[in-house]
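Below: the structure, in structure tokens.
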């Protein structure tokens, strides 16, 4: 089962810039490797990652085979209001993982 | 005499096999092809706009033991306001099988234009980060890295 971990500070001051780190479990098969018998292992990667903050898109990432296995994506956002951060990873072969995190802004 | 025969036979087999094998193996990795692919990827990102150096800081370790997982971070000097912010950060490589590494679309809600990930590097090369600003200008930074164990191109046995 595909898993993902996100690290978001549980509380922040209004207007503060908070760092978000995300990690998804995925082999990120490049499509350039071969098996022992010489067949190309087909590509299987995560294509896009999006983060929305109360429905507003904060960050959108396009991934390519040059991203290491179990992709780490770290970025920042402004803590504007209490609410939900939702994260979505979409990849080849129907890979979709959604994760949410709550943030309290005071 | 017999050893000479074998040697010549082996030589002929190798010599006849070489062009096809070389074509299958080496061709997509030719320096010229990769350079063309890099230039095409760069044009796709920036179009006809001029790319200036500065404002972008690309951080990569200068010496990499294992190219399969290399920490990469990009930070761009920008106030990140509605009027003046970074729209996107692109990372390109010269010698990977595909020049594109990652594209990050940002906006004023990001607060700071900084981003970190882990990448694969196939060879000792220069990695380029390009920032696309909201005013349409492009800024870039390059980092030279030495890779001792390459990603992508090793045996890849499973």
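Readers should treat all values here as calculations from the given coordinates under stated rules, not as data from a laboratory. Keep in mind that this is a model prediction, so the values were computed, not measured. Cβ atoms come from the backbone with ideal geometry, glycine included; neighbour counts cover every protein chain shown.
Take every Cα-Cα pair in chain A and report what % of them are more than 23 Å apart. Value for chain A: 34 percent of Cα pairs lie more than 23 Å apart.
Shielding value for B:119-125 is 3, the average number of Cβ atoms from other chains within 10 Å of each residue's Cβ. Per-residue mean of foreign Cβ neighbours for A:69-75 is 6 (Cβ atoms of other chains, 10 Å radius). With the gyration tensor restricted to C-alpha atoms of the protein assembly as shown, the semi-axes of the equivalent ellipsoid amount to 42, 22, 14 Å, longest first.
Based on DSSP H segments of at least four residues, each scored -39500 (n - 2.57), the protein assembly as shown has a per-residue ellipticity at 222 nm of -5500 deg cm²/dmol. Take each peptide in B:64-73, A:59-68, B:107-116, count the other Cβ atoms within 10 Å of every residue, and average; sorted highest first, the result is A:59-68, B:107-116, B:64-73.
Shielding of peptide B:98-104 by partners, expressed as the average count of other chain Cβ atoms within 10 Å per residue Cβ, is 6. Using the Cβ-Cβ distance between residue A:25 and residue B:8 with R0 set to 41 Å, the FRET efficiency works out to roughly 0.15. In this simple spin-label approximation, residue A:44 and residue B:69 carry label points 7 Å from Cα along the Cα→Cβ vector, and these lie 1.9 nm apart.
Between residue A:54 and residue B:51, the simple label model (points 7 Å from Cα in the Cβ direction) yields a spacing of 3.8 nm.
When a footprinting reagent is the concern and you count Cβ atoms within 10 Å, what order do A:86, B:140 take, fewest first?
Values: A:86 16, B:140 20.
So the residues, fewest neighbours to most, are A:86, B:140.
Descending by average beta-carbon neighbour count within 10 Å, the peptides B:92-105, A:17-30 line up as B:92-105, A:17-30, the highest first.
Using a simple spin-label model with pseudo-atoms 7 Å out from Cα toward Cβ, residue A:104 and residue A:16 lie 1.2 nm apart.
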